[in-house]
Amino acid sequence: AQTVTQSQPEMSVQEAETVTLSCTYDTSESDYYLFWYKQPPSRQMILVIRQEAYKQQNATENRFSVNFQKAAKSFSLKISDSQLGDAAMYFCAYSGLNNAGNMLTFGGGTRLMVKP
Amino acid sequence: EAQVTQNPRYLITVTGKKLTVTCSQNMNHEYMSWYRQDPGLGLRQIYYSMNVEVTDKGDVPEGYKVSRKEKRNFPLILESPSPNQTSLYFCASSPFPDSDDGYTFGSGTRLTVV
């Protein structure tokens, strides 16, 4: 079974600075998807960024980018120019292409605090 | 607006009193799923459905039931709730198995069982 680990329960960053959230996963599959979701206090789960494992190029979405290291099974999220609105819980998630039910396996989450 | 609608948003109930949390999506998605979120554990899948009348267990199905009589609806049923089912619940949907869009999530139901 796949597992996803987020080793940082909490992180803080100064507004306008850069922060990196860590995620590692364990799988025996060669093709899969990886995701970062943001959960603000409203509880809504918001997709931040996704990465296909067969793509070597790291995904980017505006201020959000990932460092995908397939051999190391690492998928970190970098937030540049942090804003107060980035404060939230962040979840790393894995989805295998052969998963029945398209199940997402989530890490335990990292709470990000942004200091003004 | 494309969305997954869950109700209620908050629910407090007593042990053993049957309850249903409703979930509806307007995107014609094939796949729907229920997750529970607990501190430090992230979200864990309870049940999923690949199509109408097709449902199966996820990682933590004990104490829960689901049904998929219509494509848009996927209710979660707790026949006899217990305090260890106190949690934050999410319904989610996606168009097909290999969707790289991940899931669209509902806004969550905070359930407290006393």
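Observations
- Region A:13-43 residues near the modelled A:Lys70 label - backbone nitrogen below 19 Å, point 7 Å along Cα→Cβ: A:23-36
- Average beta carbon contacts from partner chains per residue of B:38-47, 10 Å cutoff: 5
- Estimated FRET transfer efficiency when R0 is 41 angstrom, pair B:Thr86-A:Ser28 (beta carbons, to 0.05): 0.75
- Residue-averaged beta-carbon neighbours from other chains (10 angstrom radius) around A:26-39: 2
- Cα principal axis extents for chain A, largest first, Å: 43, 28, 22
- Taking 0.36 nm per residue of separation and subtracting the current Cα-Cα distance, fully stretching the chain between A:Gln83 and A:Arg63 would add 6.2 nm.
- Over region A:55-110, relative contact order from alpha-carbon pairs under 8 Å, at least 6 apart, %: 21
- Efficiency of FRET between B:Asn51 and B:Thr20 - r from beta-carbon atoms, R0 22 angstrom, step 0.05: 0.55
- Radius of gyration, Dmax [region B:1-71; alpha carbons; angstrom]: 13.1, 37
- Potential lengthening between A:Glu52 and A:Met11 on full extension [0.36 nm per residue; Cα-Cα distance subtracted]: 12.1 nm
- Of the cross-linked pairs A:Lys78/B:Lys65; A:Lys70/B:Lys57; A:Lys73/B:Lys65, those separated by over 32 Å at the C-alpha level are A:Lys78/B:Lys65; A:Lys73/B:Lys65.
Each reported figure results from applying straightforward, stated rules to the coordinates on display, with no laboratory input. The model shown is predicted, which means the values in this text are computed figures rather than measured ones. Positions of Cβ are generated from backbone atoms using ideal geometry, with glycine treated the same way; all protein chains shown enter the neighbour counts.
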